[in-house]
Amino acid sequence: MATTNFQHVLFALWTTLLVFACGLNAKAQPMPESARVWSISIEGNRTFEGLVIKDVISNQPPPPLKKLIFWKKVGMRLNENEIRRDVIRIKRFYQRRGFNDVKVSYRIEELNKEWKKEIVFEIIENTPIIIDRVDFEVQSGPQDSTIIYSDKEFSKIFRRLPYREGRRYETILQSEVEGNLRGALRNLGYAYAESEVKANVDTVSKTADVTLISRPGPRARFDTVKIEGNKEMADRYIARETGIESGELFSENKLREAQREVFSHHMLRFALVSIPDQPQDTSLNLQIRVREAPLRSIQLRGGLANFSRINSFEDSYRLFRGQANWTHRNVRGRGERLTLSAYISAVEQRVGGDYLFPYLFNTKSSLVISPFAEHKLEPSYEIVRGGLNNSFVYQYSSNFTGTVSYEYTLNNETTSSGHENLPDSIRSYNISSLSLNAYYTHNLRRGSRGWSVQPFYDLSGIFGESSFSFQKTGIEVRKFTPLTDDITFAKRIDLSGIYYSAQDSLPSDVRIYSGGTNTVRGWNRNELGPKRPTFDEQDRFDMYVPVGGRASFNFNAEFRFRLNELIKGLGFATFLDGGQVWRDFEDIGTVPIQYGLGGGIRYQSPIGPIRVDIAYKLNPTDQDLQIYQGQDYGGRWARWGLHFSIGQAF
């Protein structure tokens with residue numbers, strides 16, 4: 001019996017060892033390489049571009065940068081079940097766009113390596129369904145029908161609807177068509193309007209008869225506004241920001257504008273304008289839910305700049321700058337805002353305040369009163385100035401704003417003579433100027449798409465109380481073009497000029513300057529353009545300093561790349577900048593444009609994009625290189641400009 005038990009134990013141990021050894025042997029055997037999706041092709045598509053169809057499917061090839069990784073396999077694992085689901089996705093994409101008989105198949109091809117696969121989707125579109133007839137039906141009384149049919153804006157929207165005779169019948173557009181009709185009716189006062197699209201489709205003849213049905217309901221007018229969530233700001237001042245008057249005809253556009261105006265108020269962190277549940281009759285009540293921002297706040301900022309001012313380690317303090325703001329958002333309990341600020345750096349010190357009246361004549365108009373005092377230390381001059389700026393701002397729409405400003409300043413300017421043994425010139429003067437500014441944007445999206453234009457016109461001395469009379473004008477245009485999801489081409493052109501002056505010599509602070517982290521980056525702050533030499537106490541050459549001019553032109557062309565695939569928030573840019581400052585308009589044809597070529601790193605931090613740029617002067621002058629009478633005083637880095645900043649250059 002004992003022998004039998006021992007044999008059983010020995011057999012169990014032997015079996016366990018065999019299983020363990022087989023497991024080790026199985027682990028030691030190499031696994032077959034798993035196939036990866038390396039590229040995707042679309043064939044047979046005539047109506048839609050391949051890029052459009054690729055956005056519909058789940059399978060995606062690795063990005064170009066990841067394809068450069070050679071030490072490991074990258075890309076999605078090949079999964080035929082997912083490919084079949086992509087076939088269904090492409091079919092639905094076509095069917096919703098009028099191709100009810102579309103045929104989609106696929107094949108898998110091997111590339112230069114066994115694990116690299118190309119998925120090829122083959123599409124046979126066949127004949128789409130075409131709209132043969134469109135009817136419009138208003139289910140309401142004759143008075144409302146007359147209002148709707150006779151309204152020009154409604155007729156314009158109706159003519160732009162995608163459901164028109166001779167076009168494909170796309171079911172995916174049904175919600176858009178119903179929404180456009182409903183929105184057009186709501187802008188006519190029909191707050192409870194409904195719309196519906198009905199279609200009779202003949203799949204044999206490939207035609208569709210479409211009927212657009214509208215049910216306007218009662219025509220309503222605004223009545224009362226109920227405010228919820230406010231503690232500091234009174235109800236009437238919040239209701240005032242909507243711009244809606246009791247008894248005014250309801251409008252969808254008016255409701256959206258009210259939402260934008262209330263939400264943009266500085267005292268409100270959150271605001272929602274809505275229509276609560278109520279009887280659907282001719283009067284309409286609104287509800288506004290808000291959450292207020294802190295009544296008072298303090299903001300501190302710090303940064304680095306002005307690398308050009310650093311000549312030794314002892315000058316390192318010149319790198320730093322800081323700013324402090326104190327804000328009260330509900331002065332006098334009327335939603336008026338007071339901000340006191342102080343800014344300090346090695347170049348500039350400034351204290352000031354802004355008092356904002358957010359509502360002047362209506363919700364679109366506001367007034368800002370800004371007293372200030374500042375001290376600036378530039379290479380060629382030093383100025384202490386103080387004064388008052390009054391700005392009337394009118395926001396005509398969400399993309400167009402106009403500003404009229406009047407500024408009066410007292411100035412004490414000291415201009416360096418350039419020689420230690422000659423006295424500096426001291427000039428005391430006042431400036432009284434009226435400024436007209438406009439800002440227009442079109443489809444502008446955070447510096448990634450769209451364009452903007454910003455002209456200005458300054459008139460000084462028109463009221464006779466200014467020491468100098470001159471007129472300055474200029475315009476800046478920016479355009480952003482997305483080339484891919486991760487590459488943006490950004491462009492800017494900036495022109496300005498003082499084209500009239502009653503005096504031959506203008507103060508240094510009035511003249512035009514260029515060069516620096518936000519203009520032409522091959523040059524440091526204000527160093528592009530005409531210069532003059534300065535000398536030390538032994539009458540030896542010290543440096544060239546800028547003197548400014550009366551006309552300038554700048555341009556920037558920049559490619560911005562996002563590298564989120566490698567490190568989230570990381571990016572880089574390459575750019576070509578160019579520009580010039582001319583002493584007078586007569587010099588424009590004689591002094592050429594100068595160029596700077598460079599690149600930089602971007603990182604999207606919680607405080608904004610951190611930017612480090614380095615640029616090379618392509619065609620500097622001897623003055624730019626600090627070469628005086630044939631002797632080089634500039635050093636090896638004179639051709640380079642290094643810039644550190646927070647925020648994009650433009």
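Quick rundown of the values:
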| item | result |
| --- | --- |
| Cα gyration tensor, the chain - rounded (a/c under 1.5), prolate or oblate | oblate |
| Part-to-part distance (alpha-carbon centres) for region 366-420 and region 534-574, which is given in Å | 23 Å |
| Over region 153-286, relative contact order from alpha-carbon pairs under 8 Å, at least 6 apart, % | 22 percent |
| Counting DSSP beta bridges with both ends in the chain, the antiparallel % (nearest 5) | 90 percent |
| Pairs from LYS152/LYS206; LYS491/LYS617; LYS254/LYS472; LYS66/LYS479; LYS66/LYS617; LYS568/LYS617 whose Cα-Cα separation, in the structure shown, is over 27 Å | LYS152/LYS206; LYS254/LYS472; LYS66/LYS479; LYS66/LYS617; LYS568/LYS617 |
| Phi-based couplings in Hz for region 287-293 (Karplus 6.51, -1.76, 1.60; Gly and Pro marked x) | 10, 10, 9, 10, 9, 7, 6 |
| Modelled FRET efficiency - R0 30 Å, ILE344 with LEU410, Cβ distances, 0.05 increments | 0.90 |
| Whole-Å distance, taken between Cα centres, linking region 465-494 and region 214-243 | 39 Å |
| Amide hydrogen neighbours beyond the local backbone of ARG583, cut-off 5 Å, H modeled | ARG550 |
| TRP523 long-range amide H proximity, modeled H, under 5 Å | GLY516 |
| In Hz, Karplus ³J(HN,Hα) per residue of region 342-353 (6.51, -1.76, 1.60; θ = phi - 60°; x = Gly, Pro) | 9, 10, 9, 8, 5, 9, 9, 10, 8, 10, x, x |
| Nearest-0.05 FRET efficiency for ILE588 and SER467, computed from C-beta distance (R0 25 Å) | 0.35 |
| Average silhouette area of region 138-290, convex hull of alpha-carbon atoms, in square nanometres | 10.9 nm² |
| Length-normalised contact order for the chain - Cα pairs under 8 Å, 6+ apart - percent | 6 percent |
| Cut-off under 5 Å, modelled amide H: who pairs with ILE130 long-range | TYR169, THR207, ALA208 |
| Contact order relative to length of region 221-292, as percent, for alpha carbon pairs under 8 angstrom and 6 or more apart | 45 percent |
| Residue order, fewest to most beta carbons within 10 Å, for VAL351, VAL404, VAL210 | VAL404, VAL351, VAL210 |
| Under the Debye formula (equal points on every Cα, no solvent term), log10 I(q)/I(0) of region 130-215 at q = 0.15, 0.17, 0.20 Å⁻¹ | -0.54, -0.67, -0.89 |
| For region 150-188 versus region 616-637, the gap between their alpha-carbon centres in whole angstrom | 65 Å |
| Three-way shape call for region 221-292 based on the alpha-carbon gyration tensor, with the a/c threshold at 1.5 | prolate |
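Any read-out appearing in this document is the output of simple, stated calculations on the displayed coordinates, not a laboratory observation. Predicted model only: the values in this text are computed from it and were never measured. A quick note on method: Cβ atoms are made from the backbone with ideal geometry, for glycine too, and the neighbour counts reach across all protein chains shown.
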